[in-house]
1. Taking the range 68-80 as the search range and keeping residues that are open to solvent by 40 Å² or more (accessible area, probe 1.4 Å) and in contact (Cβ under 8 Å) with a residue 40 or more places away in the chain, which one is nearest to the chain's Cα centre (by Cα)?
2. Restricting to the range 28-67, count the residues that are β-branched (Val, Ile, Thr) and open to solvent by 40 Å² or more (accessible area, probe 1.4 Å).
Amino acid sequence: MGAMMEDLPIQDFAVSLEAMSDDDLFTKMAELERASETSDADLRKETMARIALTEEVIERRFPGQLLAPYREWKRRQPIL
């Protein structure tokens, strides 16, 4: 996982999300949220697209729960 994923083309990034464990997926979402705070407009646009894809995967894994599982996971993380 790690910063190298952001170098993947968006289609490859989307495929890689499907193979992640829930914990890895939630960690990636938290990393993307932090990255979205950049002042670089182009980078922010790309990051927001990746956030949207990550949200879709979370919502498919937890039907009807929206992002509640992610928010609960994030609440339990002492360093986030």
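The values are calculated or read from the model by the stated rules, or taken from the named source; none is laboratory data. Quick caveat: nothing in here was measured; it's all calculated off a predicted structure. Virtual Cβ from ideal backbone geometry, glycine too; neighbours counted across all protein chains shown. Side chains are part of the model used for accessible areas, which takes the heavy atoms of the whole protein and leaves out ligands, DNA and RNA. Shrake-Rupley method; radii C 1.70, N 1.55, O 1.52, S 1.80 Å.
1. Lys74
2. 0
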